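The values are calculated or read from the model by the stated rules, or taken from the named source; none is laboratory data. This structure is a prediction, so every number in the text was calculated from the model and none was measured. So basically every Cβ, Gly included, is an ideal-geometry build from the backbone, and we count neighbours across all protein chains shown. In case anyone asks, the SASA skips ligands and DNA or RNA and just uses the protein heavy atoms, side chains included. Shrake-Rupley method; radii C 1.70, N 1.55, O 1.52, S 1.80 Å.
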Amino acid sequence: MNRLALLPTPLTEAPRLAGALGLAGSLLVKRDDLTGFAVAGNKARQLEPLLEDALRRQADVLLTGGSTGSNFIQAAAAGAAWAGLQCVLVLAGPPAAQPVHPNLAAALAWGAQLRYTGDLDRASVDDTLPVVAAELAAAGRRPYLVPRGGASPVGAMGYRAAVDEVLTQLAGRRPVVVVAAGAGGTLAGLVAGNVACGRPLRVVGASVSRPTDEVAARVLDLARQVAALREEPAPTAQDVELVDARGPGHALPSTDGEAAAATALRTAGLVLDPVYTAKALAVVPAVAAGRPALFWHTGGLLDAVAGWLGAGAAQTAGAPR
Ligand SMILES: Cc1ncc(COP(=O)(O)O)c(C=O)c1O
């Protein structure tokens, strides 16, 4: 399989943004908004091993799901098309109202077929995915089921490899790393990689959709499975650090996040989305506490567009998990 993501992504200095945020130390930005495939952001790193695994298992359908505003469903639809697989998406809630969220519009443009759970709770997707998988198998198809957000050990392997990449770029510098954490696959890969490399970094997840203790347990479990797959040292609970960055709730913009996003746009040309990256950048000053920081930009471009159009939260509010 050809590579999906164009790696390494740039690691850039953002001195004006650091000043505007009131950081005493320097600020680096890892540009995973520029992973170079579709509008996938961080999801390109996760989809690459997932698609490889799907093709190895001779699947012919990529089956996954999420909310109608999910960046992952959009990226999964693009990735499936790229790999020559059909894509079936199970979406929380009733059929989307007009105007359709840009992520859903993009997923449709890439040819995804949609199924709706009728229930806005995103947990309804988790219950429906195995049912749809069984239906597809009964119809003679070979589905490859990916959990919401690509948060499986195979998906998280993409971010295990990203640690080697960033350590090379850092060339001995040791900033505090802050990254948005939703389903947890991104953070799990980073934690597994950091442990495997001898814990050179402090990696902090900004939890945007779940209480921190809930995400910590998921991330530790995933990180341990990544370590087992790679036959590397297992992370412990102390390796998983999270701060609560939810603000008013998942998918609802926060005042701090909106301010951070406006500052990033105007001082560094960085486009942040209100659901993930804006909330993660907003916690950087408190987490870094005067030390050099690295903000891991995970993408979310179409969610940013939805936010500018006022179409973001309305599509996904009421979907607590
Ligand atoms: C823009 C963006 N950043 C961060 C994340 C969080 O990644 P993860 O679900 O792996 O925790 C997501 C997940 O959808 C995302 O879309």
Consider Leu6 carefully, then state whether it is assigned by TED's automatic domain parsing to the domain that holds Gly299, at pLDDT 95 or above, open to solvent by 10 Å² or more (accessible area, probe 1.4 Å) and among the aliphatic types (A, V, I, L, M). no
Here the qualifying pairs (Cβ atoms under 9 Å; residues six or more apart or on different chains; first in region 141-158 and free of Cβ contacts under 8 Å to residues at least 24 places away in the same chain; second more than 10 Å from the ligand (Cβ to nearest atom)) come out as none
Among the listed residues Val39, Val100, which satisfies the condition of being more than 20 Å from Leu129 (Cα to Cα), within 16 Å of the ligand (Cβ to nearest atom) and open to solvent by 10 Å² or more (accessible area, probe 1.4 Å)? Val39
Quickly run through region 232-248 and pick out the residues that are open to solvent by 50 Å² or more (accessible area, probe 1.4 Å), outside any loop (DSSP other than H, G, I, E, B) and touching a helix residue (DSSP H, G or I) at 6+ places or on another chain (Cβ under 7 Å). Ala237, Asp244
Single match in Ala181, Ala188, Ala245 (criterion: over 24 Å from Leu47 (Cα atoms) and within 12 Å of the ligand (Cβ to nearest atom)): Ala245
Hits in region 18-36 - residues which are touching a Leu at 6+ places or on another chain (Cβ under 7 Å), open to solvent by less than 30 Å² (accessible area, probe 1.4 Å) and not aliphatic (A, V, I, L, M): Lys30, Thr35
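Would a scan of region 260-282 turn up a residue that is modelled with pLDDT of 95 or more and more than 24 Å from Leu21 (Cβ to Cβ)?
Initially, region 260-282 is screened for residues modelled with pLDDT of 95 or more, giving 260-282.
Remaining after also requiring more than 24 Å from Leu21 (Cβ to Cβ): none.
No: region 260-282 contains no residue that is modelled with pLDDT of 95 or more and more than 24 Å from Leu21 (Cβ to Cβ).
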Considering only region 183-194, I want to know if a residue exists there that is open to solvent by 10 Å² or more (accessible area, probe 1.4 Å) and over 13 Å from the mean Cα position of the chain (by Cα). yes
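Do we have Val215 as out of contact with any strand residue (DSSP E or B) (no Cβ under 6 Å at 6 or more places or on another chain) and part of a helix (DSSP H, G or I) here? Reasoning before the result, please.
Details: out of contact with any strand residue (DSSP E or B) (no Cβ under 6 Å at 6 or more places or on another chain): no; part of a helix (DSSP H, G or I): yes.
So Val215 fails the test.
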Kindly indicate whether any position in region 128-146 is surrounded by 19 or more Cβ atoms within 10 Å (Cβ to Cβ), closer than 30 Å to Trp308 by Cβ and more than 16 Å from the ligand (Cβ to nearest atom). no
Residues of region 283-301 classified as open to solvent by less than 30 Å² (accessible area, probe 1.4 Å) and assigned to a helix (DSSP H, G or I), total: 3
Across (1) within 16 Å of the ligand (Cβ to nearest atom); (2) assigned to a helix (DSSP H, G or I), Gln169 clears everything bar (1)
Inside region 93-133, the number of residues satisfying the requirement of being part of a strand (DSSP E or B) and polar (S, T, N, Q) is 1
Can you tell me which of (1) within 14 Å of the ligand (Cβ to nearest atom); (2) out of contact with any strand residue (DSSP E or B) (no Cβ under 8 Å at 6 or more places or on another chain); (3) open to solvent by less than 30 Å² (accessible area, probe 1.4 Å); (4) of a type in the set (A, V, I, L, M, F, W, C) is the one Leu270 doesn't meet? (2)
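Output the residue which, of all residues in region 69-86 that are open to solvent by 10 Å² or more (accessible area, probe 1.4 Å) and more than 14 Å from the chain's Cα centre (by Cα), is farthest from the ligand (Cβ to nearest atom). Reasoning before the result, please.
Within region 69-86, the first condition is being open to solvent by 10 Å² or more (accessible area, probe 1.4 Å), and the residues that meet it are 70-71, 81-86.
If we keep only those that are more than 14 Å from the chain's Cα centre (by Cα) too, we end up with 81-86.
Values: Ala81: 19, Trp82: 18, Ala83: 20, Gly84: 24, Leu85: 20, Gln86: 22 Å.
Across region 69-86, the extreme among qualifying residues is Gly84.
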